[in-house]
Structures are given as C-alpha cells and as structure tokens.
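Supplied in structure tokens, the structure appears directly below.
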Amino acid sequence: MTPPAPRDETAYDILLVEDDEGDAVLVEELLHDTDLRHSLVRGRTMAEARRELAGRRFDCVLLDLHLPDISGLESVEAIRREDPQAAVIVLTGLAESGAGVDALAAGAQDYLVKGKVDHELLQRAVRYAVQRKQSERASAALQVGRLRAQENARLERGLLPEPILASPSVTATSRYFPGREQALLGGDFLDVVQTEDGQVHAVVGDVSGHGPDAAALGVCLRIAWRALTLGGHRGAQLLDLLERMHIAERTGSDLFTTCTLITLDPARGLLTLHLVGHHEPLIVTSRGPEVLQSKHGIALGIIPGLGEWPATTVPLPPDGSLIVYTDGLIEGYAGGDDSRLGVEGVLAILGETRSYGTGEQLDHLIAEARARNADRHTDDLAVLRIDWCDMRGPEPGARVPDQNRDPRDDARRQPTDR
C-alpha cells in the first residue's frame with residue numbers, strides 16, 4: 001500500500017480581503033476544515049489591507065476583486081506593490097471566471113470561483129500558490145545573480161586589463177580577489193603598458209569603499225591612466241590630471257584613491273616610483289624580498305590641488321622583481337589572535353617561497369593570507385608583480401632623470417627650422 005503523504009507542518013499567515021460578510025465566513029469555515037496550520041487576518045477594504053501588510057508579513061492574500069475602494073485588476077497590482085513577497089489568490093464570482101485568468105496575467109498566483117470551492121481545493125490552492133511564489137522569488141534571485149556575475153565580469157575586465165608589453169625581458173603577473181565571496185568588485189585596479197621609448201609603466205590603485213560606485217570609479221581612473229600615459233604624460237602632471245578625473249567622476253566627496261605609479265626604464269636600469277597615499281612596494285633580488293624605501297605623497301581627492309607627489313628613482317639589479325599590492329593583503333589577520341599580517345608577514349611568506357614560479361608564488365601568498373585571515377577582514381586584494389632580466393644599469397656619473405618633468409618639454413625647447 002502507498003504510505004500516506006506526510007502532513008504539511010508549515011504555518012501559513014493568510015490575509016483575507018473581503019467586504020462581503022457571508023463570503024468571509026465561508027472562507028473562514030473552509031480554512032478551518034483544512035489541514036493547514038494557519039493564522040487568518042481579515043480586511044474589508046484595500047485601505048485596511050494596506051495597513052495590515054505594512055505591519056506584518058503574510059504568506060498568502062485571498063483577494064476579492066470587488067472592494068468598496070478599489071475593483072478589478074487594480075486591486076491585484078495594489079497588493080503586489082504593498083508586499084511583492086506574498087502569494088495572491090483572487091476570489092471571483094460565478095459569472096466572471098475570465099477575470100481570474102486576467103488576474104494571473106497581472107501577477108496573481110491562482111484564482112478561485114466563489115461557490116465552487118471546497119476545503120480540499122482551498123488547501124491545495126493556498127499551498128501551491130505559496131510554493132509558486134517562492135519559486136518565482138528563487139528564479140528572480142538566480143537571474144539577479146547571473147546579471148551580477150556578468151556585471152562583475154565586465155567590471156573586472158575594466159579593472160584588470162591585459163598588459164601591453166613588447167619587451168620579452170619584462171613580464172607582468174597579477175592577482176585579484178574580492179573581499180567577500182560573490183561580492184561585487186571593489187575599487188582596486190591595476191594596469192601595465194610599454195611605450196614606444198621602451199619604458200614600462202604600471203599603476204596599482206585602490207578607490208576607497210566597495211561596490212559598483214567604487215568599481216566604476218576604478219575603471220574610469222584605470223582607463224584614464226592608460227590613455228594619459230600612452231599620450232606622454234608623466235609624474236606629477238599625470239597625477240594632477242588623474243585627480244581632476246577622480247573629483248569629476250566620484251559619487252561622493254568622501255571617496256579618495258591611493259595608487260602607486262611605476263616607470264621602469266630597461267635601457268638605463270632605473271625604476272621611478274610615485275607613492276600616492278599607497279604602501280611602499282617590495283623588491284625581490286638575489287638577497288631576497290625587502291621593502292623598497294620610497295617618498296610618499298597624498299592620496300588623490302584628499303586635498304584637491306595640493307599636488308605634492310615626490311618621485312623616488314633607484315637603480316635596479318640586472319634581474320629581479322617588484323611587488324605592488326593593495327592594503328587588503330597586509331591588513332588581514334595573521335592567525336587566531338588579533339594581530340595583522342602586515343608587511344613583515346608578507347615578507348616571511350615570500351621568503352619561504354623563493355623557489356616557486358611567479359604565478360605559483362602569488363597564488364600561495366594570497367591563499368596563505370586568506371587562510372590566516374579566515375574571512376575576518378573583508379577588504380579587496382590586488383597584487384601586481386613585475387619581473388625583469390638582463391637589465392643594464394645606469395652608466396657611472398649618469399644623471400638621474402626627473403620624472404616629475406613633462407617629457408614633451410624637451411621637444412618644445414628644440415629650435416625650429418625657419
């Protein structure tokens with residue numbers, strides 16, 4: 001023998017919106033005869049229904065289409081506006097079954113014809129209407145998730161583009177992780193380009209805040225940096241233009257951006273840095289990883305127009321790498337206590353993985369940092385590593401170039417043919 005179906009132990013909160021006393025009593029009696037665990041609240045007008053919906057959550061609304069203050073499909077739309085989560089079952093008269101079909105098209109989950117309803121039909125209608133509404137919400141949430149994933153992919157392409165590198169002696173490797181699983185990207189961004197003079201330029205930036213506004217501003221600044229760099233802008237002049245772009249595009253005056261500008265000159269073996277409210281990068285040589293001491297400037301948007309972004313220019317060894325990161329890497333927790341990983345923790349991990357390949361080392365670094373943090377600190381994390389080999393050093397007595405100078409000034413000072 002087929003075993004009996006398990007009893008439905010779900011408790012249903014039901015709102016009956018019906019102005020006719022006889023019809024209301026009939027519905028109450030039918031619900032009493034069902035096996036549904038339920039609570040029933042009655043409203044006689046749409047105004048009363050709105051007050052009830054504003055004060056509590058209902059699983060199902062049994063709705064008469066003809067009320068003193070509203071009638072027809074407008075009543076269905078009114079209920080859905082007040083509580084989009086509640087399932088709606090329309091109660092129609094014997095002569096207007098077509099109105100029930102129209103109500104389904106307007107968003108109701110089911111309809112019942114008065115005078116043709118018994119307790120079993122009402123029980124099934126309530127249960128299935130609630131299940132349909134739950135399925136609709138799940139489907140809508142799934143669609144939102146798909147759209148969010150697509151938007152994240154578009155934003156990620158804007159924040160983390162493919163490098164433009166022509167020299168085989170210089171390579172760039174990057175990694176990014178959002179602060180929370182399935183979260184929108186934050187404002188961390190990075191980019192690498194090589195200009196016609198052979199110099200390699202890079203940027204790693206972090207817009208304060210999280211979500212689409214920070215990500216959109218990060219994309220805007222990253223694209224602006226690439227265009228301005230390829231157009232010949234350098235140093236403090238480039239940062240001044242980026243700050244003007246930041247101020248024009250940000251959604252709130254409290255948003256600011258930290259970044260590191262990098263210019264690597266393979267021909268001269270020189271590295272020039274501009275730290276804009278950002279952490280000092282790490283340099284990895286045959287001696288191991290260490291902090292590259294650099295001058296600091298103020299973040300973009302903190303004091304607009306101040307424009308103090310000093311340059312640090314240092315000679316480079318023939319072979320090595322530079323690691324630039326956003327603060328999500330070092331501000332996470334270091335383990336079970338409240339201490340932070342910090343720069344020293346990052347240096348220790350890098351020192352333990354000197355034999356790893358470039359991508360493998362970055363993957364291990366981020367995995368270890370996230371494992372120790374255990375989701376307690378939820379900032380985004382971006383890392384850029386630039387490797388070089390066979391680098392020529394600067395000639396003895398060579399003058400270190402001023403990277404705050406606009407290189408186009410040289411062309412302006414050249415005499416012109418008359």
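The values are calculated or read from the model by the stated rules, or taken from the named source; none is laboratory data. What you see is a predicted model, and the numbers here were worked out from it, not measured in a lab. Note that each Cβ is placed from the backbone with ideal geometry, even for glycine, and that neighbours are counted across all protein chains shown. In case anyone asks, the SASA skips ligands and DNA or RNA and just uses the protein heavy atoms, side chains included. Shrake-Rupley method; radii C 1.70, N 1.55, O 1.52, S 1.80 Å.
Would you work out which of 341, 109, 75 lies farthest towards the positive end of the dipole of the chain? Charges go on Cβ: Lys and Arg +1, Asp and Glu -1.
Checked the options; the winner is 341.
Looking at the chain, what % of its DSSP beta bridges pair antiparallel, to the nearest 5?
70
Separate question: Would you calculate a helix-derived [θ] at 222 nm for the chain, using -39,500 (n - 2.57) for each DSSP H run of n ≥ 4 and dividing by the full residue count, to the nearest 500? Let's see the in-between values first.
Numbers: 10 runs with 150 residues, N = 418.
After summing the helix terms and dividing by the residues of the chain, the value is -11500 deg cm²/dmol.
Each label point is 7 Å from the Cα along the Cα-to-Cβ direction; what then is the distance between the points at residue 144 and residue 337, in nm?
4.2
D for segment 232-377, whole µm²/s, Stokes-Einstein with Kirkwood Rh over alpha-carbon pairs at 25 °C and 0.890 mPa s: what number?
Translational D for this selection: 145 µm²/s.
A further question follows. Can you list the residues of segment 20-35 with backbone N under 18 Å from a point 7 Å past the Cα of residue 47, pointing along Cα to Cβ?
Residues 20 fall inside that zone.
Still on this structure, please answer the following. If I fit a long axis through the Cα atoms of helix 21-33 and take the longest principal axis of the Cα atoms of the chain, what angle between them do I get, 0 to 90°, rounded to 10?
The answer is roughly 80 degrees.
In the chain, with Lys and Arg counted as +1 and Asp and Glu as -1 at Cβ, which of these residues, 261, 36, 168, has the Cα nearest the positive end of the dipole, that is, farthest along it?
My answer, from the dipole projection, is 168.
Select from 134, 100, 87 the residue farthest towards the positive end of the dipole of segment 50-145; place +1 on Cβ of Lys and Arg, -1 on Cβ of Asp and Glu, and compute about the Cα centre.
Of the listed residues, the answer is 134.
Determine the distance separating the Cα centre of segment 23-84 from the Cα centre of segment 264-304; give it in Å without decimals.
The distance from the Cα centre of segment 23-84 to that of segment 264-304 comes to 66 Å.
If you place +1 on the Cβ of every Lys and Arg, -1 on the Cβ of every Asp and Glu, and leave all else neutral, what size is the dipole of segment 3-99 about its Cα centre, to the nearest 20 Debye?
440
In segment 1-87, what percent of the accessible surface is made up of carbon and sulfur (1.4 Å probe, ligands and nucleic acids excluded)?
The C+S portion of the solvent-accessible surface of segment 1-87 is 48 percent.
List, in order, the whole-Hz ³J(HN,Hα) value for each residue of segment 274-287 obtained from phi through the Karplus relation with A = 6.51, B = -1.76, C = 1.60 and θ = phi - 60°; use x for Gly and Pro.
Values per residue, Gly and Pro as x: 10, 8, 10, x, 10, 5, 5, x, 10, 10, 10, 10, 5, 7 Hz.
Could you size up the charge dipole of the chain around its Cα centre, putting +1 on the beta carbon of Lys and Arg and -1 on that of Asp and Glu, and report it in debye to the nearest 20?
Roughly 1420 debye for the chain.
Quick one: among 321, 169, 294, which has the greatest mean-square fluctuation in a GNM of the chain with alpha-carbon springs under 10 angstrom?
In this elastic network of the chain, the residue with the biggest mean-square fluctuation among 321, 169, 294 is 169.
Can you figure out the FRET efficiency of residue 375 with residue 11, using R₀ = 41 Å and their beta-carbon distance, to the nearest 0.05?
0.75
Please compute the Kirkwood hydrodynamic radius of the chain from all pairs of different C-alpha atoms, in Å with one decimal. Don't skip to the answer; put the middle values down first.
On the way: mean 1/r = 0.0379 Å⁻¹.
Mean inverse Cα-Cα distance, inverted, gives 26.4 Å.
Select from 34, 313, 272 the residue whose mean-square fluctuation is largest in a Gaussian network model of the chain (Cα-Cα springs shorter than 10 Å).
With Cα springs under 10 Å in the chain, the top fluctuation among 34, 313, 272 is at 34.
Please give the per residue accessible area of the chain, computed with a probe of 1.4 Å over protein heavy atoms only, in Å².
Here the per-residue accessible area is 50 Å².
To continue, here is another question. May I ask you to work out the translational diffusion coefficient for segment 12-99 at 37 °C, viscosity 0.692 mPa s, via Stokes-Einstein with Rh from the Kirkwood sum over Cα pairs, reported in whole µm²/s?
251
Next question, about the same structure. So who's got an amide H within less than 5 Å of the one on residue 65, skipping anything under 5 residues away but keeping other chains? H placed 1.01 Å off N, in plane.
Here the answer is 91, since their amide H atoms fall under 5 Å of that of residue 65.
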